[in-house]
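Worksheet: the structure to be examined is printed underneath.
The values are calculated or read from the model by the stated rules, or taken from the named source; none is laboratory data. Everything numeric here is computed off the predicted structure, so don't read it as measured data. Cβ atoms come from the backbone with ideal geometry, glycine included; neighbour counts cover every protein chain shown. We work out accessible area using only protein heavy atoms, side chains counted, and drop any ligands, DNA or RNA first. Shrake-Rupley method; radii C 1.70, N 1.55, O 1.52, S 1.80 Å.
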There are 2 protein chains.
Amino acid sequence: MAESASTVQNGVNVEALLAAREALTNAPQAAQFKWRAACEWKDGTYSHSTVEGFFGLGEEQRRKTTFNFDADHPEVFASEDKGATPVEYVLVGLASCLTAGIAAVAQHRNIQLRSVKATIEGDMDIQGILGIDSDVRNGFGGIKVSYEIDADAKREDIEALVAQSQKRSAVFDIVTNPTNVIVEVR
Amino acid sequence: MAESASTVQNGVNVEALLAAREALTNAPQAAQFKWRAACEWKDGTYSHSTVEGFFGLGEEQRRKTTFNFDADHPEVFASEDKGATPVEYVLVGLASCLTAGIAAVAQHRNIQLRSVKATIEGDMDIQGILGIDSDVRNGFGGIKVSYEIDADAKREDIEALVAQSQKRSAVFDIVTNPTNVIVEVR
């Protein structure tokens with residue numbers, strides 16, 4: 001279908017994204033982004049994090065809002081459950097990344113979405129983080145994401161949407177492939 | 001130093017964690033946890049996620065609170081910036097995981113913390129997610145975490161705290177090593 005004929009409205013400005021792709025193809029240095037957060041320890045396992053600016057399109061980018069996040073461990077770990085656990089933040093990141101991708105790909109493919117809901121679950125053997133068994137990893141043994149999607153499309157087209165979203169998802173890549181992390185003390 | 005002689009108060013109940021380690025060593029099936037989130041698409045790249053219960057210690061665990069999270073893309077991506085980006089959620093998860101670990105290890109080592117602050121930055125070449133260059137990964141090229149720690153300890157002991165926290169961090173493992181992710185459409 002020609003894009004100009006589209007009456008699909010998923011709220012994603014695909015034309016702007018295609019224009020950005022075109023512009024960045026000719027100016028790859030503008031595609032170099034830096035995403036940031038700051039974290040401050042409060043007490044015990046409780047910390048507060050903020051997300052504000054980032055760098056991209058060759059300059060510092062400011063936002064209207066500062067986003068605030070509390071993280072903690074739950075009461076079964078003798079903590080106070082003042083926020084989601086750090087690993088739950090990763091699950092939120094993965095689910096929201098795939099969901100945004102589904103909306104963007106649907107818009108591009110002229111598929112009207114009515115509702116998109118995901119549940120995500122990560123298995124963890126906490127013998128790893130507790131240092132009981134060094135053969136057990138600290139992180140998730142595996143993650144399962146399950147989508148329920150109501151859209152103006154055949155099931156195979158909906159499955160193809162989800163597959164394409166995975167293929168372009170930043171967080172899916174971060175979780176499924178290794179990333180180099182440097183931790184320093186100033 | 002003997003733990004009984006400790007006057008260090010970082011707010012982490014190390015005795016309870018050591019007791020849990022002891023108990024779970026004898027009952028490894030209780031160490032099998034499932035962490036969860038639910039995500040609902042709102043409009044465009046904007047979604048709302050919730051974190052509530054989890055499974056662990058052999059049963060469903062409820063919380064007093066439901067944690068709520070908005071995720072979106074920023075205005076430079078033609079979105080409405082209604083929440084942090086998914087990749088920033090990963091940064092919050094990593095920083096808060098390492099920070100909780102630093103507090104726990106410090107308590108265990110009888111080191112009084114006064115303040116712990118982290119900044120975290122992930123580099124991303126968005127030619128990956130935009131599909132401009134298939135050799136560019138979608139996720140972070142690398143992540144740098146920088147700690148500023150004021151504690152009743154020598155610099156080398158502070159550096160050792162941070163190193164031990166990395167060694168036991170669930171999110172550090174998730175980001176630096178691959179995890180299998182299954183995405184299904186129900």
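Overview of values
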{"item": "Residue, nearest to the other protein chains (Cβ to nearest Cβ), within region B:16-64, restricted to residues that are in a loop (DSSP other than H, G, I, E, B) and within 19 Å of the chain's Cα centre (by Cα)", "result": "B:Arg63"}
{"item": "Qualifying positions in region A:109-133 - of a type in the set (A, V, I, L, M), within 18 Å of B:Leu24 (Cβ to Cβ) and in a loop (DSSP other than H, G, I, E, B)", "result": "A:Ile126, A:Ile129, A:Leu130, A:Ile132"}
{"item": "Residue identified as in contact with a helix residue (DSSP H, G or I) (Cβ under 8 Å, 6 or more places away or on another chain) and basic (Lys, Arg) among B:Arg186, B:Arg109", "result": "B:Arg109"}
{"item": "Check on A:Val8, among the β-branched types (Val, Ile, Thr) and either facing chain B (nearest Cβ under 10 Å) or closer than 29 Å to B:Ile111 by Cα (or both)", "result": "no"}
{"item": "Test result for A:Cys97, touching a Pro at 6+ places or on another chain (Cβ under 7 Å) and within 8 Å of chain B (Cβ to nearest Cβ)", "result": "yes"}
{"item": "Given (1) of a type outside the set (Ser, Thr, Tyr); (2) more than 7 Å from chain B (Cβ to nearest Cβ); (3) on the phi > 0 side of the Ramachandran plot, index of the condition A:Ala78 fails", "result": "(2)"}
{"item": "Residues of region A:12-40 classified as farther than 24 Å from B:Lys144 by Cβ and open to solvent by less than 40 Å² (accessible area, probe 1.4 Å), total", "result": "5"}
{"item": "Which numbered condition A:Glu88 fails, given (1) in contact with an Asp or Glu (Cβ under 8 Å, 6 or more places away or on another chain); (2) part of a helix (DSSP H, G or I)", "result": "(1)"}
{"item": "Selection count where residues are part of a helix (DSSP H, G or I) and touching a residue at least 60 places away in the same chain (Cβ under 8 Å), scope region A:146-173", "result": "8"}
{"item": "Filter result for B:Arg155 (of a type outside the set (Val, Ile, Thr) and crowded, with 16+ Cβ neighbours inside 10 Å)", "result": "no"}
{"item": "Failed item in (1) open to solvent by 20 Å² or more (accessible area, probe 1.4 Å); (2) of a type in the set (Gly, Ala, Ser); (3) more than 7 Å from chain B (Cβ to nearest Cβ); (4) not in a loop (DSSP other than H, G, I, E, B), with A:Ala104 passing the rest", "result": "(3)"}
{"item": "Where a residue in region A:128-144 is more than 15 Å from A:Asn177 (Cα to Cα) and at the interface with chain B (Cβ under 7 Å from one of its Cβ atoms) and its partner, wherever it lies, is in a loop (DSSP other than H, G, I, E, B) and basic (Lys, Arg), with Cβ under 7 Å and at least six apart", "result": "none"}
